[in-house]
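Report on the following structure.
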Amino acid sequence: MSIQFHEETGIFSLTTENTLYQIRADASGVLLHLYYGKKTDTDMSYLIRYTDRGFSGNPHELAGNRGFSLDTLPQEYAGSGVGDYRLPAVQVISPNGSRSVDLRYAGHEITAGRKPLPGLPFVRESRETETLTITLRDRVIGLEVQLKYHVFPGQDVIVRSARLVNAGDEPLLLEKAASACVDFPYGRFDVIHFHGRHCMERIPERLPLPRGMVSFGSRRGMSSHHSNPFVILCGRGATEDFGDCYGCMLMYSGGHLEEMEVDQAGSTRLVSGIQPDGFSWTLNAGEAFQTPEVLLSYSAEGLNGLSRQYHDIIRQQVIAPRWQQGARPVLINSWEAAYFDFDAEKILRFARTAKELGIEMLVLDDGWFGKRDNDNSGLGDWKVNERKLGCSMKELSDQIHALGLQFGLWFEPEMVNEDSDLYRAHPDWALTDPDRSPTLGRNQLVLDMSRQEVVDYLFDAMCAVLDSARIEYVKWDFNRSICNCYSHALPASRQGEAAHRFMLGTYQLLDRLLTRYPDLLIEGCSGGGGRFDAGMLYYCPQIWCSDDTDAIERLEIQRGTSYGYPVSTMGAHVSASPNHQTGRLTPLRTRGIVAQSGTFGYELNPEGQSESEREEIRQQIADYHRYADLIAQGNYYRLNELDDGGDFVAWMFAARDGREALVNLVISHVRANGPFPFVKLRGLKPDARYRLEGGEQVFSGAALMNGGFSFPLTRGDYPAHQLHFTEI
Ligand code: GLA
C-alpha cells in the first residue's frame, strides 16, 4: 500500500520506493503539509511548530490561540484572503464580490489505480498506482476542491491535480486554479528553471531563492521556448550526483506559471499551474474545473537522480504504450534540404539517395498544401497542391514506399494565414480582437481551437489527407505565440476561458486523430521546441527539440532538455555544415554523435554528400541501430556540472543492468596545450570488468567511476569522442 491514512492522527502518508509525502488534516480541518523528502517511517508532525508571529492573524474559531495562523503553517492547497498572505493556490470571486477562500477538510477516498482525466493529458496508471482524493470545502461560498494524488512508487513520482467544483447555488468566478502547492517549511533552496528563445530552448539557470517571490512562466498561450513548465528546487550544495532535489513539472502545453515564495520565517512555497494572467472561468452551480496534472519528484541523489526519475515516468507512463519500446524510424526531413522549393521529382531523388544511405522514412515538411511557396499564405488549406508536386499525395507516397521507405507529412493545424481560403470563408474562426487589427506572427493568425466546428474542420481535413495516401508520421507544428486571445464564439464575460479552451480543443484533435490512427507517429514541434512539455508528450512520443540544428548549440539545448525529459523524446537531426542557423563548420562525426542522443534523423540534402560522407552516414545509421536500445532505455547521466566553465560537454548512457555503457564527449573549445578532458563514469557495476571497444584494455567499474577516464588531446574544431564499454 503506497497510500495510508492514520485515523487517530489524521495523517496521510504517500510512499514511493525512496520518498515519503505526508499530509495531515488537523483538528480545525486545515490541511497541513508535514513533509516531502527521503523516506522515513515516522509521523512527521513533530516538525510543525506553532508560534505567534506578529501580523499573522488567527482563525476566528481559534480565538485565543495566537500560535495558530494560516500564514505560518505549511498548507497543502492555500486559499486566499483569510489570513495566509503567501502565494494562493486558488482565487475566486463570489457573486457578492468577496475574494475569500477558506478551504477545510471535508473527506477523503483512497482507491487503486487512477481514472483518466477527461479532455486533458494525464500520467497513465501503472500496476502499482494508487489514488488519494482529499476533498476540501469552503462552507460559505460552496467551493469544493478535490485534491488528487496519484502515487507512482517505482518512479518516485507523485502526480497531483485539483478539481474545483461549485457545490453551491451561485456562480463563482475562478481567477486562479493551481495544480499544486507545496510548502517546504525548512531549508534554503536554489531554483533551476529553463529559459530560452526560438533556436535556444531550455537553458538551465540556477539561482538562490531570495526572500520574497520569484516566478517563471509563459503568457504566450503555449508552454513556450522562453520558459519551460518545469522547475527544480535543490539544496544549496546539490550537484549532478549528490544532494536534495525536488522537481515540479506541469503536464500542460498552454500558458503556465511557476511561483516560489520564501516567507518571513524562511519557509518556501512552490505553486504551479495554468497562467492566471488573462485567465478567468465561470463555474456555475454544479460545474467543475479540472486543472492539469503536476509531476512531483524528489531525489536524494542530485540532479542526475531526479532527471532519471522523470525520464522513467515519461518513458513508462506518459509516452503512449505503442511507442515505449523499439527504435523509432531514422528519418530524413526535407526542410533544411529544400525549404519551400520542391516538387515530387526532387523529393523522390532525396528518397532514393536516402534509401541507399540506410534512412528509413522521408518526411515532407512545409509547402505541400494550398498556396504555400513561402510563409505568407496557405495555412488552413489542408489540400494537396498537386500542381506544385506534379502528382497526387498517393502517387508520391506509393513511390516512396516502393523504395522501401516510410512516409511522413508536416501539418500546422492550429494556424491560418489571412491569405487562405479557410480565412476568407471563416474569418471568425481565428482568435482576433473585435475592431482591432490582429498582431501577426510569421504572417499568420491562430485558429480558435475552443470552437468545436474548428476542431471538426481540422479533423476532417487532416483525415482526408491521411486517408488519401499511406502516411506513417505527422510533424505537428505551431509557429507563433498566441495573442489577441479573443474567441468570437464566447460571450464577453467568458473571454478569460479562451486560452484554456484552446488547449482543450488541441488536445481533443490530437486524441481523435490518434484514436482513428493508433499507429500514427506524431512528432510535436513548435518552431523547434516551443511546446516541449509533458502534455504534448502524452500524444507525441517525440518533439523536434529546436530549430537550431547546429551540433554545438544542440549540446546546450539537449543537455538542458535532459533535466526533465528523456533523450528518446528529443527530435535531433544531422544537418549540413556550414550550419544554416549559425554558419558553423562541424565534423560529420560530431553531428552524428550529438543527434544520436535523440530520435535520430537527417535534415540535409542527401545528394549533396561526397562518397566518403555517404559512407560515414551509413556507418552512423548502423551505430544508431546498435546503440538504439541503450540510448532510448538506458540510464542517462550528465557528466559535467552545470556552468562548470569547461571546454567540453560529456554525457553517458548506462544499461539498466549496468552491463554496457556509451560515453560521449564533444569538445566545444580546443585549446593549445590544454588539460586532458576528464570524466568520472556513472551507473556501472563497481565489481564488474569492462572492455573498451576497439582495444584490449579492461577496466573495473570502480576504476571508471572513481578514478574516471581521461581523453587524449585533439586538434581542430569540435572533435567528439565516443566510447563503448561492455562487461566481460
Ligand atoms: C518550423 C519548424 C521547422 C519547419 C518549419 C516549416 O519552424 O520548427 O522544422 O518545419 O516550421 O515552416
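The values are calculated or read from the model by the stated rules, or taken from the named source; none is laboratory data. For clarity, every value in this text was computed on a predicted model and none was experimentally measured. All Cβ positions, even for glycine, are placed from backbone atoms using ideal geometry, and neighbour counts span all protein chains on display. SASA here: full protein model, heavy atoms, side chains in, ligands and nucleic acids out. Shrake-Rupley method; radii C 1.70, N 1.55, O 1.52, S 1.80 Å.
Things to note:
- Each residue in the range 559-579 was checked for being within 19 Å of the chain's Cα centre (by Cα) and within 17 Å of G527 (Cα to Cα), and 5 pass.
- Residues in the range 269-323 that are open to solvent by less than 30 Å² (accessible area, probe 1.4 Å), aliphatic (A, V, I, L, M) and more than 21 Å from the chain's Cα centre (by Cα): L283 alone.
- Any hit, the range 212-219, residues being under 25 Å from V649 (Cα atoms) and either free of Cβ contacts under 8 Å to residues at least 60 places away in the same chain or of a type outside the set (A, V, I, L, M) (or both): no
- The range 240-261, residues that are assigned to a strand (DSSP E or B) and open to solvent by 10 Å² or more (accessible area, probe 1.4 Å): G243, Y246, L257, E259, E261
- Pair list, Cβ under 8 Å, 6 or more apart: the range 366-380 residue under 13 Å from R442 (Cβ atoms), other residue within 11 Å of the ligand (Cβ to nearest atom) and among the basic types (K, R): D366/R372; D375/R442; G378/R372; L379/R372
- The helices (runs of 4 or more DSSP H) found entirely in the range 496-593 that carry 3 or more residues being more than 14 Å from the ligand (Cβ to nearest atom) and within 29 Å of C485 (Cα to Cα) are 498-516, 534-539.
- In the set (1) surrounded by fewer than 22 Cβ atoms within 10 Å (Cβ to Cβ); (2) under 25 Å from G370 (Cα atoms), L513 fails one condition alone, (1).
- Just one of the listed residues (L173, L147) is part of a strand (DSSP E or B), open to solvent by 10 Å² or more (accessible area, probe 1.4 Å) and in contact (Cβ under 8 Å) with a residue 60 or more places away in the chain, and it is L173.
- Output for the range 176-198, where each listed residue is open to solvent by 60 Å² or more (accessible area, probe 1.4 Å) and over 20 Å from L20 (Cβ atoms): R188, H195, R197, H198
- Taken over the range 1-20, residues that are within 30 Å of the chain's Cα centre (by Cα) and modelled with pLDDT of 95 or more amount to 11.
- Of all residues making up the range 619-642, the number that are in a helix (DSSP H, G or I), in contact with a Phe, Trp or Tyr (Cβ under 6 Å, 6 or more places away or on another chain) and surrounded by 21 or more Cβ atoms within 10 Å (Cβ to Cβ): 1
- Of all residues in the range 585-596, at least one satisfies being closer than 21 Å to F648 by Cα, over 30 Å from the mean Cα position of the chain (by Cα), of a type outside the set (G, A, S) and surrounded by fewer than 24 Cβ atoms within 10 Å (Cβ to Cβ).
- If you check Y718, Y690 for being assigned to a strand (DSSP E or B), surrounded by 15 or more Cβ atoms within 10 Å (Cβ to Cβ) and among the hydroxyl-bearing types (S, T, Y), only one passes: Y690.
- Going through (1) in a loop (DSSP other than H, G, I, E, B); (2) open to solvent by less than 70 Å² (accessible area, probe 1.4 Å); (3) closer than 18 Å to I158 by Cα; (4) touching a helix residue (DSSP H, G or I) at 6+ places or on another chain (Cβ under 9 Å) one by one, E17 falls short only on (2).
- Qualifying residue in the range 366-383 (condition: hydroxyl-bearing (S, T, Y) and either crowded, with 20+ Cβ neighbours inside 10 Å or away from the ligand (no atom under 14 Å from the Cβ) (or both)): no
- Subset of the range 480-493 [away from the ligand (no atom under 16 Å from the Cβ), hydroxyl-bearing (S, T, Y) and either at pLDDT below 95 or in contact with a strand residue (DSSP E or B) (Cβ under 9 Å, 6 or more places away or on another chain) (or both)]: S493
- Considering only residues in the range 421-456 that are within 28 Å of the chain's Cα centre (by Cα) and open to solvent by 20 Å² or more (accessible area, probe 1.4 Å), the one that is nearest to the ligand (Cβ to nearest atom) turns out to be R442.
- Residue match in the range 340-352 (condition: of a type outside the set (D, E, K, R), part of a loop (DSSP other than H, G, I, E, B), open to solvent by 20 Å² or more (accessible area, probe 1.4 Å) and away from the ligand (no atom under 16 Å from the Cβ)): no
- The set of residues in the range 325-337 being open to solvent by 10 Å² or more (accessible area, probe 1.4 Å) and either among the charged types (D, E, K, R) or within 11 Å of the ligand (Cβ to nearest atom) (or both) consists of R328, W335, E336.
- Index of the failed condition, Q697 passing every other in (1) under 20 Å from E240 (Cβ atoms); (2) free of Cβ contacts under 8 Å to residues at least 12 places away in the same chain: (1)
- Which numbered condition P292 misses (of (1) within 23 Å of I471 (Cβ to Cβ); (2) part of a loop (DSSP other than H, G, I, E, B)): (1)
- D477 passes every criterion in (1) of a type outside the set (A, V, I, L, M); (2) away from the ligand (no atom under 16 Å from the Cβ); (3) open to solvent by less than 30 Å² (accessible area, probe 1.4 Å) apart from (2).
- Residues in the range 61-117 that are within 30 Å of E130 (Cβ to Cβ) and among the aromatic types (F, W, Y): Y77, Y105.
- The listed residue being away from the ligand (no atom under 16 Å from the Cβ) and open to solvent by less than 70 Å² (accessible area, probe 1.4 Å), out of L409, L405: L405
- Residues located in the range 601-618, provided they are away from the ligand (no atom under 16 Å from the Cβ) and crowded, with 21+ Cβ neighbours inside 10 Å: P606, I617
- Residue in the range 151-163 that is in contact with a Cys (Cβ under 7 Å, 6 or more places away or on another chain), among the hydrophobic types (A, V, I, L, M, F, W, C), over 30 Å from N304 (Cβ atoms) and open to solvent by less than 60 Å² (accessible area, probe 1.4 Å) present: no
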